[in-house]
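The values are calculated or read from the model by the stated rules, or taken from the named source; none is laboratory data. This one's a predicted model, so the numbers in the text were calculated from it and none came from an experiment. Here the Cβ positions follow ideal geometry from the backbone for every residue, glycine too, while neighbour counts run over all protein chains shown. For the accessible areas, the whole protein counts, side chains as well, though only heavy atoms, and no ligand, DNA or RNA atoms are used. Shrake-Rupley method; radii C 1.70, N 1.55, O 1.52, S 1.80 Å.
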Amino acid sequence: MTEENYDFDVIVVGGGVAGSVCAYLLAKKGREVLLVERGMEPGSKNLSGGVFYCRVMQEVFPNFIEEAPIERRITRNCLSFLNPTNFVNVDYWDSRLAEPVNAVTVLRAKFDPWLAEQAEEAGVTIMPGVKVDGIIREGGRFVGIRAGEDELRARVVVAADGVNSFISQDAGIRGKEPLENLAVGVKSVIHLGEDEVKKRFNLVGDEGAAYAVVGDCTEGVAGGGFMYTNKESVSIGIVARLDDLTKKGKSSSDLHDHFLSHPAIASFLEGGELLEYGCHLVAEGGEKMQHDLVRNGLVVIGDAAGFTLNTGFTVRGMDLAAGSAVAAATAVDHALETGDCSRVGLERYIAEYKKSFVGKDMATYAKAPDFLENDEMYGDLGLMLADVLYGVYNLDLTPRKHILPTALSAFKASGLKIRRMAKIGFQAVRFL
Ligand SMILES: Cc1cc2nc3c(=O)[nH]c(=O)nc-3n(C[C@H](O)[C@H](O)[C@H](O)COP(=O)(O)OP(=O)(O)OC[C@H]3O[C@@H](n4cnc5c(N)ncnc54)[C@H](O)[C@@H]3O)c2cc1C
């Protein structure tokens, strides 16, 4: 193919965090970039719980905090065990998380259009409302995309089309992902008004709170609940692993409704108005989902490449999407510069992401999914913690016991096994 046959240097498929950041950076380097998004507007198809660990965005956009439509800076993190009749929280507030800003809440329906706007201002051509149906192969290379009757050609195609990545499947990189590598998230955004959000979550100024919840929120199904504060609303929902959901015969929307109506949770939401409701797949497999991410003329980034991390403490996907986009933009620009957009020329992407926080964190938490397979995390452990605290606080006129015997009686009554707990403790120390 001659140079004149190319419509663009790069075609990016998907206008989520990964696609828009990659397109923006390549346009800033002077490349001709097309961003194709199937939604009528970037963000219209996208869903996140909403805590964005945003240091990487501050490197890409120096005025990110001032200019991006962020909701609140997260300074309070609560790790919560929810049981049918009680709620145990490890509540951690730290003013050091406010500055430099560590994590913010975002609403994708506002955030993604802003991001796409930055890309457009940098020179990216954005084509919304167009679903890519396939990629064009010629002589062992990927040379463009097909959408309906139309074909568009580029020297490099970047697949940023999310967790289901049709492009990676079409390119033969991925097959159908096994159920244990996937979860489904169901989320609501509930409007309360700014004063109520601050009052109910004990917040000042633009600070925010993020609850990561396990236990009764998913009725024992592997996964968890989340509750994040926005400026005037709360993002709340559950994420449940597909294999366990199927095994236990539960429905994800029922789990969502059950979580929101739990007495310990419902009081946060009382009188609120539902603004948004949606569900979306979540990649949960960690490093197991990383396949071959580079082919001749093609790179895969973000969720499409399986870059998500759930440790139980944090759910991360957006920062990894942005980090992989930075790595890909560096590699693609270099490949265009040298004129080698073959697999060998693009392999720099692998080296770039591996040396960045994306590759390092994916390796550090490679076994986090194994830790989250322990059933005790989703029921018995939280119940036992509540029983210990009940023993401490319930002054029922029986003689008091010291904390150790109180804890031991709760442990014995729980049915938990010492060997299992030792194994879980060992895994927690090693894997998280
Ligand atoms: C319920 C839930 C809670 C989550 N919570 C968090 C959280 O708190 N923090 C966090 O960091 N991450 C969270 N995540 C994960 C996070 O949302 C993802 O990791 C992140 O969105 C990945 O970004 P991406 O750009 O790779 O993919 P996406 O945001 O999914 O973007 C992919 C884009 O590609 C487009 N597209 C797909 N196919 C085509 C096609 N054929 N043609 C054209 N366009 C196409 C889609 O419309 C979409 O715009 C959560 C996910 C869910 C579902």
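What the table below lists for this structure:
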| item | result |
| --- | --- |
| Subset of the stretch 7-34 (residues that are aliphatic (A, V, I, L, M) and more than 9 Å from the ligand (Cβ to nearest atom)) | Val10, Ile11, Val12, Ala23, Leu25, Leu26, Ala27, Val33, Leu34 |
| Candidates Gly50, Gly15 - the one that is modelled with pLDDT under 95, in contact with a strand residue (DSSP E or B) (Cβ under 7 Å, 6 or more places away or on another chain), open to solvent by less than 10 Å² (accessible area, probe 1.4 Å) and not basic (Lys, Arg) | Gly50 |
| Subset of the stretch 364-375 (residues that are among the aromatic types (Phe, Trp, Tyr) and not in a helix (DSSP H, G or I)) | Tyr365 |
| Residue satisfying all of: in the stretch 401-432; assigned to a loop (DSSP other than H, G, I, E, B) and modelled with pLDDT under 90; surrounded by the most Cβ atoms within 10 Å (Cβ to Cβ) among these | Leu416 |
| Filter result for Ile126 (farther than 15 Å from Ala23 by Cβ, open to solvent by less than 40 Å² (accessible area, probe 1.4 Å), of a type in the set (A, V, I, L, M, F, W, C) and in a strand (DSSP E or B)) | no |
| Every residue from the stretch 131-151 that is within 14 Å of the ligand (Cβ to nearest atom), crowded, with 20+ Cβ neighbours inside 10 Å and not small (Gly, Ala, Ser) | Val132, Ile135, Ile145 |
| Check on Ile65, part of a strand (DSSP E or B) and in the same structural domain as Trp114 (by TED's automatic domain parsing) | no |
| Only listed residue being open to solvent by less than 20 Å² (accessible area, probe 1.4 Å) and over 20 Å from the mean Cα position of the chain (by Cα), chosen from Gly193, Gly224 | Gly193 |
| Qualifying residues in the stretch 305-320 (those that are in a strand (DSSP E or B) and near the ligand (Cβ under 7 Å from one of its atoms)) - the one surrounded by the most Cβ atoms within 10 Å (Cβ to Cβ) | Val315 |
| Residue match in the stretch 92-106 (condition: within 10 Å of the ligand (Cβ to nearest atom), in contact with a Gly (Cβ under 7 Å, 6 or more places away or on another chain) and either touching a residue at least 12 places away in the same chain (Cβ under 8 Å) or at positive phi (or both)) | yes |
| Qualifying residue in the stretch 75-94 (condition: farther than 30 Å from Asp375 by Cα and open to solvent by 30 Å² or more (accessible area, probe 1.4 Å)) | no |
| Which listed residue is buried (at least 24 other Cβ atoms within 10 Å of the Cβ) and over 27 Å from Val104 (Cβ atoms), from Asp216, Asp170 | Asp216 |
| Filter result for the condition that a residue is touching a helix residue (DSSP H, G or I) at 6+ places or on another chain (Cβ under 6 Å), closer than 20 Å to Ser80 by Cβ and within 11 Å of the ligand (Cβ to nearest atom), over Gly220, Gly225 | Gly225 |
| Those residues of the stretch 166-177 which are away from the ligand (no atom under 13 Å from the Cβ) and either in contact (Cβ under 8 Å) with a residue 60 or more places away in the chain or small (Gly, Ala, Ser) (or both), in sequence order | Gly172, Ile173, Arg174, Gly175, Glu177 |
| Identity of the residue in the stretch 35-49, more than 8 Å from the ligand (Cβ to nearest atom) and of a type in the set (A, V, I, L, M, F, W, C), that ends up farthest from Ala212 (Cα to Cα) | Leu35 |
| Qualifying residue in the stretch 197-212 (condition: modelled with pLDDT under 95, within 19 Å of Arg316 (Cα to Cα) and touching a helix residue (DSSP H, G or I) at 6+ places or on another chain (Cβ under 7 Å)) | no |
| Which listed residue, of Gly285, Gly297, is farther than 26 Å from Asp244 by Cα, open to solvent by less than 10 Å² (accessible area, probe 1.4 Å), more than 9 Å from the ligand (Cβ to nearest atom) and touching a residue at least 40 places away in the same chain (Cβ under 8 Å) | Gly297 |
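Residues checked against (1) part of a helix (DSSP H, G or I); (2) open to solvent by 70 Å² or more (accessible area, probe 1.4 Å); (3) free of Cβ contacts under 8 Å to residues at least 60 places away in the same chain; (4) over 26 Å from Phe61 (Cβ atoms):
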residue	(1), (2), (3), (4)
Leu336	yes, no, no, no
Met362	yes, no, no, no
Met377	yes, no, no, yes
Leu383	yes, yes, no, yes
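Yes or no, residue by residue, for (1) within 13 Å of the ligand (Cβ to nearest atom); (2) open to solvent by 40 Å² or more (accessible area, probe 1.4 Å); (3) of a type outside the set (Lys, Arg):
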{"site": "Asn230", "(1), (2), (3)": "yes, no, yes"}
{"site": "Gly237", "(1), (2), (3)": "yes, no, yes"}
{"site": "Ala240", "(1), (2), (3)": "yes, no, yes"}
{"site": "Lys248", "(1), (2), (3)": "no, yes, no"}
{"site": "Ser253", "(1), (2), (3)": "yes, yes, yes"}
{"site": "His256", "(1), (2), (3)": "yes, no, yes"}
{"site": "Ala264", "(1), (2), (3)": "no, no, yes"}
{"site": "Phe268", "(1), (2), (3)": "no, no, yes"}
{"site": "Gly272", "(1), (2), (3)": "no, no, yes"}
